[in-house]
Amino acid sequence: MSTHHYEVNFDGLVGPTHNYAGLSFGNVASLSNAKSSSSPKSAAKQGLAKMKALHDMGMVQGVLAPHERPDIATLRRLGFNGSDGEVLSKAAQQAPEIFQAVCSASSMWTANAATVSPGADTADGKVHFTPANLTNKFHRSLEPLTSGRILQAMFNNSRYFEHHLHLPDNEHFGDEGAANHTRLCSNYGHAGIEVFTFGRYAFDSTKPAPSKYPARQTFEASQAIARSHGLTDDNTVFIQQNPDVIDQGVFHNDVIAVGNQNVLFYHEQAFLDTPAKLAEMQKKFGDEKLHFIEVKTDEVSVADAVQTYLFNTQLLTLKDGSMAIIAPTECQENPRVAAYLAELVTRDTPIRQVHYFDVKQSMRNGGGPACLRLRVALNDTELEAVNPAVIMNDKLFARLNRWVDKHYRDELSVADLRDPLLLNESRTALDELTQILKLGSVYPFQL
């Protein structure tokens with residue numbers, strides 16, 4: 001009989017071609033650092049250090065492999081031909097915008113890899129995975145097939161895990177994965193409620209929608225995932241993101257709200273129809289009281305929240321049952337946000353600690369600690385069925401650091417991405433990684 005339940009954080013390992021292309025319209029941080037030189041080695045090591053720190057705090061921590069970039073298969077599909085080196089050269093010269101898109105490092109943000117529903121919530125008792133189609137951005141729409149293969153290699157037991165194909169590749173079913181999905185529960189192993197946040201209605205133009213930046217998640221996509229995961233009306237809440245905050249650079253819900261167990265931590269401008277929706281959450285949650293921690297605009301502005309990623313933090317339950325916020329150092333460096341967090345831990349809420357982490361290589365590209373992880377609630381039987389080679393421990397941490405030291409460049413400019421030597425370096429690295437993580441063949445060059 002299962003007695004233990006875990007929320008496992010699977011963090012994306014930053015790939016060997018990590019770069020700042022500034023491709024994401026609506027993501028202010030991404031655009032502001034476009035074309036700067038990046039450091040793949042320090043980015044990967046920052047991510048690994050965060051994974052190891054959470055492991056040391058007693059969390060179960062997993063590793064998600066990066067994608068192959070540049071994406072040669074897509075360039076061939078778009079009509080570039082010849083050797084791999086010729087394909088790179090032609091694309092870089094003839095279509096530099098497309099070339100930059102197929103070089104994107106965005107798969108590191110595994111909050112967008114998929115939506116996951118734990119077995120405690122689903123009709124068949126299995127953990128369900130649906131890779132996000134990410135149709136709103138061309139460079140991200142390249143990800144779902146490889147993400148799906150990697151997830152299947154990690155959760156490769158049909159007795160416990162159910163894998164779905166991503167939703168149709170069309171803006172009507174635009175789906176951004178767990179970045180717009182929050183699960184509230186009393187215990188990770190108990191049935192909870194799944195909160196789907198969406199930006200617009202795809203089939204009803206009379207409903208509210210942002211005017212400046214795109215709403216990437218549709219109501220219809222959220223509904224489709226809930227249906228395919230075997231969720232019911234009793235354990236789902238659909239809530240619309242405030243169009244005004246999308247137009248202020250809040251491109252995903254996880255930039256303005258984060259939840260964990262019985263806590264929802266959110267900005268007062270995050271949602272539409274907030275009082276009614278919070279009441280619906282509480283009603284469906286049951287007798288236990290939910291902690292709704294609302295941050296007022298006069299405490300932290302939306303601009304400060306976006307600049308520091310106050311809400312793109314991880315909210316974790318520690319061994320003693322209290323909660324901790326895992327925040328980027330940008331929160332510590334902003335006087336208003338730092339003061340708010342210092343005061344928050346003194347209040348009568350489950351949040352008692354704040355831990356700051358340097359993830360600047362990710363922050364400069366538009367993603368904080370929460371973007372870097374996909375949360376999967378598992379009981380001990382399900383955890384035993386996960387590919388053990390992807391679970392962080394001291395040995396894997398040391399081995400992955402050696403792997404990064406061996407294969408990654410200290411500095412990478414956008415111009416380096418057209419170098420066939422870099423492509424070969426990257427493929428050699430990824431081929432070795434699939435052996436370390438025992439994933440089999442998941443990359444197009446391996447298939």
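Couple of notes before you dig in:
- Segment ASP233-LEU318, extension gain: residue separation times 0.36 nm, minus the distance between their alpha carbons: 27.5 nm
- Taking a sphere under 11 Å around the Cβ of ALA270 and counting the other residues whose Cβ falls inside, with K and R at +1 and D and E at -1, yields a net charge of -3.
- GLU288 contributes about 80 Å² of solvent-accessible surface, heavy atoms of the protein only, 1.4 Å probe.
- Based on alpha-carbon atoms, the Kirkwood radius and the radius of gyration of the range 299-357 give Rg/Rh equal to 0.96.
- The calculated FRET efficiency for ALA49 paired with LYS395, based on their beta-carbon distance and R0 = 22 Å, is about 0.85.
- Solvent exposure of the chain as accessible area per residue, Å², 1.4 Å probe: 38 Å²
- Extension gain for the segment GLU86 to ALA123, taken as residue separation times 0.36 nm less the Cα-Cα distance, is 8.3 nm to one decimal.
- Split the chain at each of the trypsin sites (Lys or Arg not before Pro) in a DSSP loop with at most 11 other beta carbon atoms within 10 Å, and the longest piece is 1-158.
- Cα lying deepest toward the dipole's positive end in the chain, options ALA114, HIS291, ALA49, charges on Cβ: ALA49
- For the range 215-293, radius of gyration divided by Kirkwood radius, i.e. Rg to Rh on alpha-carbons: 0.96
- Virtual spin-label span in nm between GLU333 and ASN424, 7 Å along Cα→Cβ: 3.8 nm
- The residue list GLY440, TYR340, MET363 was ranked by how far each Cα lies along the charge dipole of the chain toward its positive end, using unit charges on Cβ atoms, and GLY440 comes out on top.
- Rounded to whole Hz, the Karplus (6.51, -1.76, 1.60) HN-Hα couplings of the range 172-184, x for glycine and proline: 5, 10, x, 9, 10, x, 5, 5, 10, 9, 10, 10, 10
- Helix 394-407 axis versus longest C-alpha principal axis of the chain: approximately 40°, rounded to the nearest ten.
- Stretch gain in nm, segment GLU171-ALA342, where the contour uses 0.36 nm per residue and the Cα spacing is subtracted: 57.5 nm
- Cα-based shape type of the range 250-305, given that a ≥ b ≥ c are square roots of the gyration tensor eigenvalues and the cut on a/c is 1.5: prolate
- Cα shape, the range 352-447, gyration tensor, a/c 1.5 rule: oblate
- In this simple spin-label model, placing a label point 7 Å from the Cα along the Cα-to-Cβ direction at both ASP287 and THR3 gives a separation of 2.5 nm.
- Secondary structure note: in the range 291-447, about 40% of the DSSP beta bridges are antiparallel.
- Net charge contributed by nearby residues that have their C-beta within less than 12 Å of HIS229 (K/R +1, D/E -1): -1
- Karplus-derived 3J(HN,Hα), 6.51/-1.76/1.60, for each residue of the range 273-278, Hz, glycine and proline x: 6, 4, x, 5, 6, 5
- Only helices enter the 222 nm calculation for the chain: every DSSP H run of n ≥ 4 contributes -39,500 (n - 2.57), and dividing by all residues gives -9500 deg cm²/dmol, rounded to 500.
- With respect to the chain, whose longest principal axis is taken over its alpha-carbon atoms, helix 420-436 is tilted by about 50°.
- A crude spin-label estimate for the pair GLU299 and GLU411, with each label 7 Å from Cα along the Cβ direction, gives 4.3 nm.
- Split the accessible area of the chain by element, probe 1.4 Å, and carbon with sulfur accounts for 50%.
- Fraction of antiparallel bridges per DSSP, the chain only, in percent to nearest 5: 50 percent
- If you run the Gaussian network model on the chain, springs between alpha carbon atoms under 10 Å, then out of GLY189, GLY82, GLY259 the most flexible one is GLY82.
- Close amide H partners of ALA202, meaning residues 5 or more places away or on another chain with modelled amide H under 5 Å apart, are PHE219, GLU220.
- Entries in LYS41/LYS90; LYS52/LYS296; LYS360/LYS438; LYS126/LYS284; LYS90/LYS137; LYS360/LYS406 that, when Cα-Cα distance is taken, lie over 26 Å: LYS41/LYS90; LYS52/LYS296; LYS360/LYS438
- Quotient of C-alpha Rg and 2.2 N^0.38 Å, computed over the range 263-340: 1.21
- Shape class of the range 238-367 from the Cα gyration tensor (axes a ≥ b ≥ c, square roots of the eigenvalues): oblate, since a/c reaches 1.5 or more and a/b does not exceed b/c.
- Over the C-alpha trace of the range 84-230, radius of gyration and Dmax come out as 17.2, 56 angstrom.
- Whole-number D in µm²/s for the chain (Stokes-Einstein; Kirkwood sum over Cα pairs; 25 °C, 0.890 mPa s): 112 µm²/s
The values are calculated or read from the model by the stated rules, or taken from the named source; none is laboratory data. Everything numeric here is computed off the predicted structure, so don't read it as measured data. In this analysis, Cβ positions are derived from the backbone assuming ideal geometry, glycine residues included, and neighbour counts consider all displayed protein chains. Surface accessibility is based on the protein's heavy atoms, side chains included, excluding ligands, DNA and RNA. Shrake-Rupley method; radii C 1.70, N 1.55, O 1.52, S 1.80 Å.
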